[in-house]
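Undergrad: Handing you a structure now.
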Amino acid sequence: MVHFLHNPVFWLYAVTVVPFLAFLILYASRSAWTTTAPGRALMVLNGTLVAVLLNALVTLGGVEWPGRDTFRVVVFLGVFASGVYQLKTLVFAQREAHREPEEHAPNI
């Protein structure tokens with residue numbers, strides 16, 4: 001087995017997680033994301049994406065730890081739940097947009 005630091009796939013995941021992790025930290029600390037459903041959906045989706053990428057990094061690094069399989073199931077359940085929440089938020093916003101007059105409809 002190739003040592004993980006010499007594995008280009010490890011570095012692909014490592015580089016990929018950086019902007020999403022930075023976004024997560026900046027959005028959580030500097031934005032009022034809790035005030036709107038789309039803001040919450042974006043935070044949850046981004047958080048679960050970061051968790052998936054970090055889980056892949058740990059797995060590629062060969063780190064074994066108790067509860068890893070349970071963590072993986074929880075992460076993917078979180079991804080599923082965030083997708084459902086995001087879909088629900090979109091459907092609700094689109095319904096509201098059709099009920100309001102054109103000049104007051106949100107831009108979705």
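The values are calculated or read from the model by the stated rules, or taken from the named source; none is laboratory data. Everything numeric here is computed off the predicted structure, so don't read it as measured data. Every residue, glycine among them, receives a Cβ derived from its backbone with ideal geometry; neighbour counts consider all protein chains shown.
Undergrad: In this structure, is Tyr27 without any contact (Cβ under 8 Å) to a residue 40 or more places away in the chain and under 15 Å from the mean Cα position of the chain (by Cα)?
TA: Values: without any contact (Cβ under 8 Å) to a residue 40 or more places away in the chain: yes; under 15 Å from the mean Cα position of the chain (by Cα): yes.
It is true that Tyr27 is without any contact (Cβ under 8 Å) to a residue 40 or more places away in the chain and under 15 Å from the mean Cα position of the chain (by Cα).
Undergrad: Quick one: which of Val63, Val91 is β-branched (Val, Ile, Thr), loosely packed, with under 12 Cβ neighbours inside 10 Å and outside any helix (DSSP H, G or I)?
TA: One residue alone meets the criteria, Val63.
Undergrad: Determine, yes or no, whether Phe20 is more than 18 Å from the chain's Cα centre (by Cα) and among the aromatic types (Phe, Trp, Tyr).
TA: No: the conditions fail for Phe20.
Residues are listed down the side, and each one gets a yes or a no for (1) part of a helix (DSSP H, G or I); (2) surrounded by 14 or more Cβ atoms within 10 Å (Cβ to Cβ); (3) at pLDDT below 95:
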position	(1), (2), (3)
Thr16	yes, yes, no
Arg72	yes, yes, yes
Glu96	yes, no, yes
Asn107	no, no, yes
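Undergrad: Hey, could you check region 32-60 for residues that are polar (S, T, N, Q) and within 11 Å of the chain's Cα centre (by Cα) and say which is surrounded by the fewest Cβ atoms within 10 Å (Cβ to Cβ)?
TA: Applying the first criterion (polar (S, T, N, Q)) to region 32-60 yields 34-36, 46, 48, 55, 59.
Still in the running and within 11 Å of the chain's Cα centre (by Cα): 46, 48.
Details: Asn46: 18, Thr48: 20.
In this case the residue turns out to be Asn46.
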